[in-house]
Amino acid sequence: MRRKHRSRLNTTFFFFSSLLLDMTMRRRTFSLFYYSSLFIFSCLQIFVHGDHNHTVIPINRDLYHSSGDLMEMIKSLVDRHPDKLTMETIKTGNKGYSAEISVVTYCRRRRKDIEGRSKFRILLSFGQHGRELITSELALRILSILSEEQFLPTMDPASLNSTLDDLVIKVVPMENLNGRKLVEAGDLCERRNGRGVDLNRNWSVDWGKKEKDFDPYEENPGYAPFSEPETQILRKLAISFDPHLWVNVHSGMEALFMPYDHKNTTPEGLSSQRMRRLLEEINKAHCHNHCMIGSGGGSVGSIGHSVCRACWLMRPLLGWSIFNLLDFRYLAHGTATDYMFDVVRVPMAFTFEIYGDNTASSNDCFKMFNPVDHSTFNGVLNSWSAAFFTIFKLGPNHLDEFQEKTSASKLDKLVSIDEYLDGYLMERTHRYGKKMEVLDFGMQEIRTYFRLFLLSSVLLMFMFCSRISKSKCSRPIVSSFAAASH
């Protein structure tokens, strides 16, 4: 998820610009203290690591599947276990650009329960950024365990089966297939989709806002919210599935994030407490308490926001070990997790960062975002697959409104016109296996006509009511004039 490192010289320039600005605008003694400390850390990092190592490690083909091979393995896995797994591929496009996303659904006794909405629903997305190959490998591992072709040594099979009986899990193994293909073709630092848009900046919550350290190459939000086929597909899926729990899986560091990404606060009330308690249990059980917890856009610690921003600019010089200890974040606008929480109203919405190498140079993106040796690779997959199965077990227990939410039908949920047209009118498999075909009419035109229809109806109703009211008021006046004339 985190942005690619700028060169250390450019970052030093940004750091000292922030330093001068902060000292000029705020003139607080703690700023000088922090910046001085950071400068010392920076010098130490340059002395120890230098900035001359430009070795770029290629994709390790012995560890990582190609995108085609990985999706073919998942398809074969689904074919071998039709009693547990189903798979559908959703395609769409606009302005000459097309994309497809495959969705794997896990549900036991699914013919009875998957449309009956009687189970705890989980939606997981992997591979939103093309360069984060390890996330899609984790998706494959989780699906292999769900199908019982692989096992978790730390979990009792009977207990696991009992937990999974009450779940419906939808997995998007590779959200950004087009971007992944660019990475496999040699652009190892590419995180955007096939036409240069960051899919985790293309959602509607606080879309398009740019921070002072905005990188137009890395964080291009697109020409409008949901301009990209990939985000359109995932939005439709989320609205129609209505999950209780959402996790957007990334790499670049080790962290367990909850909303919000676009501001340095967490939600208020019981929902925030519930999410934090679950993350703390995951952190203790699987991260050994070294994963950061909190909002993706805020500081968990007590250091000022302006200092956090300058320190983020200094992250290549500081090294991620020091940066993680200081608990810094950067604000991200138009993210999937904020949309899931604020608009789709997913009770528990998270972003997980499962791996990051703080020793990698600024150009070595594959090493920065993915394990490069067999031992670390397996360690990441084992640890985080266990973490997800812990979530499967604990998630329903942390959701106080579970019974209320499962008993409510989709018609009881208030959604906007756009969400209804985009979320409910989608091509998907009927509960009896029959395809529901929906013609592509052009959603913008449908929205416009529907709004005009509503507006016309309101105006006609207003005119009708006004006419009735006027006629009622005029009758006694006419009768009184008639009485006077007689």
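The values are calculated or read from the model by the stated rules, or taken from the named source; none is laboratory data. Everything numeric in this text was worked out from a predicted model, so none of it was measured. Every residue, glycine among them, receives a Cβ derived from its backbone with ideal geometry; neighbour counts consider all protein chains shown. Heads up: the accessible areas ignore ligands, DNA and RNA and are worked out on the full protein's heavy atoms, side chains in. Shrake-Rupley method; radii C 1.70, N 1.55, O 1.52, S 1.80 Å.
Brief remarks on what is shown
Per-residue answers, yes or no, for (1) among the basic types (K, R); (2) surrounded by fewer than 24 Cβ atoms within 10 Å (Cβ to Cβ); (3) part of a loop (DSSP other than H, G, I, E, B):
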site	(1), (2), (3)
Y260	no, no, yes
E268	no, yes, yes
R274	yes, yes, no
G297	no, yes, yes
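- Cβ pairs under 9 Å, 6+ apart, first in the range 258-282 and closer than 16 Å to V205 by Cβ, second of a type in the set (F, W, Y) and open to solvent by less than 10 Å² (accessible area, probe 1.4 Å): M258/F350; P259/F350
- Residue in the range 218-226 that is in contact with a His (Cβ under 9 Å, 6 or more places away or on another chain), of a type in the set (A, V, I, L, M) and over 25 Å from R108 (Cβ atoms) present: no
- The conditions of being modelled with pLDDT of 90 or more, aliphatic (A, V, I, L, M) and either open to solvent by less than 40 Å² (accessible area, probe 1.4 Å) or under 22 Å from T135 (Cβ atoms) (or both) are not met by V307.
- Test: residue in the range 214-234 that is surrounded by 24 or more Cβ atoms within 10 Å (Cβ to Cβ) and among the aromatic types (F, W, Y): no
- Any chance E211 is among the acidic types (D, E), open to solvent by 10 Å² or more (accessible area, probe 1.4 Å) and at pLDDT below 95: yes
- Any hit, the range 382-393, residues being modelled with pLDDT of 95 or more, of a type in the set (A, V, I, L, M) and closer than 15 Å to L133 by Cβ: no
- The single condition among (1) in contact with a strand residue (DSSP E or B) (Cβ under 6 Å, 6 or more places away or on another chain); (2) within 17 Å of K84 (Cβ to Cβ) that P229 does not meet is (2).
- Flag if H398 is within 17 Å of W246 (Cβ to Cβ) and either modelled with pLDDT of 95 or more or open to solvent by 10 Å² or more (accessible area, probe 1.4 Å) (or both): yes
- Positions within the range 150-176 being in contact (Cβ under 8 Å) with a residue 60 or more places away in the chain, under 20 Å from V78 (Cβ atoms) and open to solvent by 40 Å² or more (accessible area, probe 1.4 Å), in sequence order: none
- Here W246 meets each of (1) in contact (Cβ under 8 Å) with a residue 24 or more places away in the chain; (2) over 15 Å from the mean Cα position of the chain (by Cα); (3) within 25 Å of L394 (Cα to Cα); (4) open to solvent by less than 40 Å² (accessible area, probe 1.4 Å) with one exception, condition (2).
- Only one entry in G130, G179, G196 is assigned to a loop (DSSP other than H, G, I, E, B), without any contact (Cβ under 8 Å) to a residue 60 or more places away in the chain and within 24 Å of L70 (Cα to Cα), namely G196.
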